[in-house]
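Below is one structure, written out as structure tokens; comments come after it.
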Amino acid sequence: MKTFHITCAVALLLGLNQMASAHTAELVQYECPIGGEKFERVMQMSGTSFGQMTNLRPYGPIESPWPLAQCPGNKFIIFKNSKEFTPEEIKKYTEIVNSDAYKNIPEDAPSYYYLAKLYELAGDQKNSVIAYVYLQASWQNASGTLSEEIKRNVISYYEKSFDELKDNEGELIAAKMMIGEINRQLGKFDIAEKHFRQLKQDPLFTKQENIMKIIDFELKLIKDKSNKVEALPE
């Protein structure tokens, strides 16, 4: 299964060239590894990013986030090739999809919200991975209280990820940028402004000219009391 991985998003944020091929899609046949349900879905095969939004979402002729195959019956997310699931994983994920915690997820929840909950309940993913999955869920069309929950979870998991990202400069920068961005989206302008002004003094950020420009752009949006997701300036 192809995904727009965090490293690609970070590369865009840092101004590196990550152009993909033109957008293509095709009908794919699936068999759910939990229960064997067969279904089909039109899936993106490739896409092109022309730029990036303040929340790391790429834009252009591309479906973003990358679509996930979700079993229609039990709502399991097929997050890797079905043949790669081990018997131990099948047993673990069967218990998860049959649990009240998973069954009680709203049916209209974004697919990446389902994936984040699956990872949470499995307990075998890093905080930074779960944070990024929630971030991708925020790119989808969640609304109301679920949208706010998703954004709060992005902040919470990224705040818990700093230690595990200490040796990965790019992803640590992205994590800290997203904490400010999501607070701005939630309308917490004072918190977002304080956060970005602290980043402007952080040596990790001051050596990144393009990141400093983005911080200034975020501070302008905060000054304007805007909680909208905007395209990053070129």
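The values are calculated or read from the model by the stated rules, or taken from the named source; none is laboratory data. Computed from a prediction, not measured in an experiment: that's the story for all the values here. For neighbour counting, all protein chains shown are included, and Cβ atoms are generated from backbone atoms with ideal geometry for every residue, glycine included. Surface accessibility is based on the protein's heavy atoms, side chains included, excluding ligands, DNA and RNA. Shrake-Rupley method; radii C 1.70, N 1.55, O 1.52, S 1.80 Å.
Annotation: extensible slack from Ile191 through Phe217 equals 7.8 nm (criterion: 0.36 nm per residue apart, minus Cα-Cα distance).
Of the chymotrypsin sites (Phe, Trp or Tyr not before Pro) found in the stretch 91-129, none is in coil by DSSP with at most 15 other Cβ atoms within 10 Å of its Cβ.
Ligands, DNA and RNA are left out, and with a 1.4 angstrom probe the accessible area of the stretch 53-204 is 46 Å² per residue. For the stretch 143-201, GluC sites (Glu not before Pro) are listed when DSSP marks them as loop and at most 16 other Cβ atoms sit within 10 Å of their Cβ; the list is Glu164.
So how much slack lies between Glu37 and Glu63, counting 0.36 nm per residue of separation and subtracting their Cα-Cα distance, in nm? Difference between extended and current length: 6.8 nm. Sites listed here are trypsin sites (Lys or Arg not before Pro) in the stretch 93-193 whose DSSP assignment is loop and whose Cβ has at most 12 other Cβ atoms within 10 Å: Lys166. In this structure the amide hydrogen of Ala25, modeled in the peptide plane, comes within under 5 Å of the amide hydrogens of Met45, none closer than 5 places in sequence on its chain. Each Cα pair under 8 Å and six or more residues apart adds its separation to the average, and for the chain the resulting relative contact order is 17 percent. The calculated FRET efficiency for the pair Glu95 and Gln29, based on their C-beta separation and a Förster distance of 35 Å, comes to about 0.85. Using a simple spin-label model with pseudo-atoms 7 Å out from Cα toward Cβ, Lys225 and Asp202 lie 2.8 nm apart.
To the nearest 10 degrees, how steep is helix 144-159 against the longest Cα principal axis of the chain, on a 0 to 90 scale? Taking the Cα atoms of the chain, the angle to 144-159 is about 70 degrees. Mind scanning Lys176/Lys223; Lys91/Lys160; Lys126/Lys151; Lys117/Lys160; Lys83/Lys103; Lys151/Lys213 and naming the pairs with a C-alpha gap bigger than 27 Å? The pairs that break the limit, which is 27 Å between Cα atoms, are Lys91/Lys160. Could you state the number of Å between the C-alpha centres of the stretch 51-81 and the stretch 125-195? One Cα centre to the other: 17 Å.
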